[in-house]
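The values are calculated or read from the model by the stated rules, or taken from the named source; none is laboratory data. Keep in mind it's a predicted model, so treat the numbers as computed, not measured. Methodologically, a virtual Cβ is constructed for each residue, glycine included, from the backbone with ideal geometry; neighbour enumeration extends over all protein chains shown.
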Amino acid sequence: MLQGMRKIKMLIALMGATVLAMCSQNEGPLPAGQVRATDTKADALMAQAQRLEKAGKHSAARSVLTQIVTDHDLAPCAPQARMMLGEIEEKLGDPREAFRQYGKVVEGYQSSELYEKALNRQLAIGTAAASGKLKGKVLWLWDVPMEEGKVVEWLQSVIKNAPYADMSATAASVLGNYLVKREKYDEAAAVYKKLVEDYPDSPYAPGAQLMVAKLWASSHTRGDNNLVNLDRAREAYEEFTLLYPNHKEVGTARSGVKEMQRLMVDQELEVGRYYLERAREYGPAVFCFESVIRQASANPEAAQKAKKLLVQAQAGLRSSTAPKS
């Protein structure tokens, strides 16, 4: 019995040794973000690429670096090769390819010290594109502003991948400002709102919260007299006063709350006027005018107008409900 057990243990040990030997011969892929201990061929190629780059031979250096990232993507120098590819593409005036190469560092080498550096270069490219400094090409001939979809895509990528709040918040602030300039107000408000939610302690957060309020409020001046938007603006201003009570703009926010309340009363007055003068729906008109009068502290001018119009609406209501002889 004991001899049989010894044979079994020896067999298990032999199998384990065989498996280990097989594993050592077949290295296989390593987890993302890891590299092999050494790769002398890749190191030689990297030295060659660095010499070419130093000599100003960017295209030749790019070819060698491409060989490294293609055939030696797990070499210790692979992250540096990707980073250099991005830098060369910037020098050669191809921000799209540069952003893509930096993205390969971000995606494939998260444990590398170059991860943050690559993200910062992506942020710089996205910021330059958003400001209009970075141009694209039409038919490889004419310089034109980078298309909106690409700018948004780049900045959203940085927001998603940035490991630190300040970098993500910076990208979100740039994106929000860019969307405002493009008159994408609802999208901008959503970006600013998420910035405040995700990074409330960021130096960008107070300004973002104020922008949320202003964007909803500006819907009034853009011809959108939606009471819901004005109420959203009021809530955003109120939230600013709660989140940042000591901020230098808290007075602006408090004034914004009052202004939104005033505008909302104005809108309710106009709704009542519509029911009275156009729809001839006197019951809803009476309801609106009475509501406006109750909010006299927010808008005394509207309340005075509502008192006069209420008399007309009540008369119309009595006339419409009186029994016909």
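Condition (residue is surrounded by fewer than 15 Cβ atoms within 10 Å (Cβ to Cβ), modelled with pLDDT of 55 or more and among the β-branched types (Val, Ile, Thr)) applied to the range 2-11: is it met by at least one residue?
Initially, the range 2-11 is screened for residues surrounded by fewer than 15 Cβ atoms within 10 Å (Cβ to Cβ), giving 2-11.
Adding the requirement that they be modelled with pLDDT of 55 or more leaves none.
For the range 2-11, residues surrounded by fewer than 15 Cβ atoms within 10 Å (Cβ to Cβ), modelled with pLDDT of 55 or more and among the β-branched types (Val, Ile, Thr): absent.
Go through the range 153-205 residue by residue and tally those that are crowded, with 21+ Cβ neighbours inside 10 Å, farther than 16 Å from Thr127 by Cα and of a type in the set (Gly, Ala, Ser).
Result for the range 153-205: 2.
From the list Val64, Val35, Val105, which one is modelled with pLDDT under 95, of a type in the set (A, V, I, L, M, F, W, C) and in contact with a helix residue (DSSP H, G or I) (Cβ under 9 Å, 6 or more places away or on another chain)?
Going through Val64, Val35, Val105 in turn, just one is modelled with pLDDT under 95, of a type in the set (A, V, I, L, M, F, W, C) and in contact with a helix residue (DSSP H, G or I) (Cβ under 9 Å, 6 or more places away or on another chain): Val35.
Any idea which residue in the range 281-325 is farthest from the chain's Cα centre (by Cα), counting only those that are more than 21 Å from Val257 (Cβ to Cβ) and among the hydroxyl-bearing types (Ser, Thr, Tyr)?
Checked the range 281-325; the qualifying residue farthest from the chain's Cα centre (by Cα) is Ser325.
Say we look at the range 276-296 and pick out the residues that are touching an Asp or Glu at 6+ places or on another chain (Cβ under 7 Å) and surrounded by 21 or more Cβ atoms within 10 Å (Cβ to Cβ); which of these is nearest to Ala322 (Cα to Cα)?
Step by step, filter the range 276-296, then rank; the result is Cys288.
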